[in-house]
1. Checking the conditions here, which among CYS10, CYS21 is surrounded by 14 or more Cβ atoms within 10 Å (Cβ to Cβ) and over 12 Å from VAL61 (Cβ atoms)?
2. Quick check on my filter: what residues within segment 9-27 are without any contact (Cβ under 8 Å) to a residue 40 or more places away in the chain and either in contact with a strand residue (DSSP E or B) (Cβ under 6 Å, 6 or more places away or on another chain) or part of a loop (DSSP other than H, G, I, E, B) (or both)?
3. Could you go through segment 50-64 and let me know if any residue there is modelled with pLDDT under 90 and in a loop (DSSP other than H, G, I, E, B).
4. Restricted to segment 28-41, and to residues that are modelled with pLDDT of 95 or more and part of a loop (DSSP other than H, G, I, E, B), which residue is farthest from ALA3 (Cα to Cα)?
5. State yes or no: is GLU49 surrounded by 13 or more Cβ atoms within 10 Å (Cβ to Cβ), among the acidic types (Asp, Glu) and in contact (Cβ under 8 Å) with a residue 24 or more places away in the chain?
Amino acid sequence: MAAQVDLDKCKMCGGVTQPRCIEACPDDAIRVQDDRIVVTEFLCEDCNECGSVCPDSAITVPLEKVTF
């Protein structure tokens, strides 16, 4: 299971050049596709870096999966 994005909560926050979750992901597992955030499950290592920087609390990783 990879990080889960609640698209109803996600406001596509602005980081320096792209949404903060994309900037924070050490595995390049997050991208914008069709104007929404998409997580590539096989790249995601469940580190929760994306969730920790999301100002909208739109990204979650099940607690038992968090790797930090």
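1. After applying the criteria, what remains is CYS10.
2. Passing the criteria: MET12, GLY14, GLY15, VAL16, THR17, GLN18, PRO19, CYS21, ILE22, CYS25, PRO26, ASP27.
3. Yes, because at least one residue in segment 50-64 is modelled with pLDDT under 90 and in a loop (DSSP other than H, G, I, E, B).
4. ASP28
5. yes
The values are calculated or read from the model by the stated rules, or taken from the named source; none is laboratory data. Computed from a predicted model, the values in this text were never measured in an experiment. A quick note on method: Cβ atoms are made from the backbone with ideal geometry, for glycine too, and the neighbour counts reach across all protein chains shown.
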